[in-house]
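Accompanying notes for the structure given below.
The values are calculated or read from the model by the stated rules, or taken from the named source; none is laboratory data. If you're wondering where the values come from, they're calculated on a predicted model, not measured in any experiment. Counting neighbours? That spans all protein chains shown, and the Cβs are built from the backbone with ideal geometry, glycine included.
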Amino acid sequence: MSDDEPSLGFDPAPQKRAGEPAAYRVLARKYRPSDFTGLVGQEALVKTLSNAFATGRIAHAFMLTGVRGVGKTTTARIIARALNCIGPDGKRKEPTIHPCGVCEPCVAIAESRHVDVLEMDAASNNGVEEVRQIIDSVRYAPASARYKVYILDEVHMLSKPAFNAILKTLEEPPPHVKFIFATTEIRKVPVTILSRCQRFDLRRIETAELAGLLSSIADKEGVKIASDALALVAR
């Protein structure tokens with residue numbers, strides 16, 4: 001990174017000295033899905049997107065809705081990788097439902113440092129000025145990615161003027177831009193916005209299915225947990 005390049009708020013990871021224990025990783029991050037095969041319980045979404053990618057009919061805007069913690073942001077990042085993956089050899093020309101996870105775009109998006117993938121929390125950036133900054137930037141082609149991807153979390157928190165400002169762009173989106181909106185309160189999103197998005201309702205994972213997933217993680221971590229305890233945690 002050059003002296004003039006912004007750090008994006010990340011500091012270089014300190015070098016681990018010999019003999020030091022490995023740094024602890026929060027399990028929720030360690031086992032966060034990185035591709036569609038890891039999205040447990042969202043079969044309808046995966047099937048619909050698979051068909052869209054296979055036919056080349058990918059929506060210009062997606063609306064992900066569901067309760068907090070169901071995986072909306074994780075899903076949005078997977079979609080962003082799928083749209084921009086170039087494969088391990090760098091030769092992939094089209095979006096893929098199976099992002100490789102190792103090419104530069106996949107890695108950069110996973111680390112939240114890709115210049116063409118912008119994540120914005122609409123709860124704290126809900127004014128028309130913030131949206132106008134997005135509108136101004138969509139005119140320009142991606143710096144390195146296949147698509148510019150804008151991920152707006154808690155989109156229902158946008159002000160009415162902000163929604164009105166972004167509506168025109170959704171009506172006539174540039175071909176190199178994709179929007180991914182996420183919300184826990186779909187009823188607060190204007191119908192004019194919803195009608196221009198492909199909507200996915202992410203469902204809660206069934207208790208038995210979640211218990212099975214937790215059991216698999218426990219096995220990988222070398223931890224023994226009683227089945228009734230797993231069922232209790234999964235509730």
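Tabulated data
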| quantity | calculated |
| --- | --- |
| Residue check for A123: of a type in the set (A, V, I, L, M, F, W, C) and either in a helix (DSSP H, G or I) or farther than 28 Å from T96 by Cα (or both) | yes |
| Per-region count, region 133-153, residues among the basic types (K, R) and either in contact with a Phe, Trp or Tyr (Cβ under 9 Å, 6 or more places away or on another chain) or at pLDDT 95 or above (or both) | 2 |
| Of residues in region 66-86 being at pLDDT below 95 and among the aliphatic types (A, V, I, L, M), the one surrounded by the most Cβ atoms within 10 Å (Cβ to Cβ) | V70 |
| Yes/no for D89 being modelled with pLDDT of 95 or more, of a type in the set (D, E) and either in a loop (DSSP other than H, G, I, E, B) or in contact with a His (Cβ under 9 Å, 6 or more places away or on another chain) (or both) | yes |
| Residue that is modelled with the lowest pLDDT, among those in region 172-195 that are closer than 17 Å to V131 by Cα and of a type in the set (D, E, K, R) | E172 |
| Residue check, C103 in contact with a Gly (Cβ under 7 Å, 6 or more places away or on another chain) and hydrophobic (A, V, I, L, M, F, W, C) | yes |
| Test result for T96, hydroxyl-bearing (S, T, Y) and at pLDDT 95 or above | yes |
| Top-ranked residue of region 105-117 - restricted to ones that are at pLDDT 95 or above and outside any loop (DSSP other than H, G, I, E, B), ranked as surrounded by the fewest Cβ atoms within 10 Å (Cβ to Cβ) | V107 |
| R132 being in a loop (DSSP other than H, G, I, E, B) and not small (G, A, S) | no |
| Neighbours by Cβ (under 7 Å, 6+ apart or cross-chain): first from region 123-141, under 14 Å from E154 (Cβ atoms) and polar (S, T, N, Q); second part of a helix (DSSP H, G or I) and modelled with pLDDT of 95 or more | N126/M157; N126/A162 |
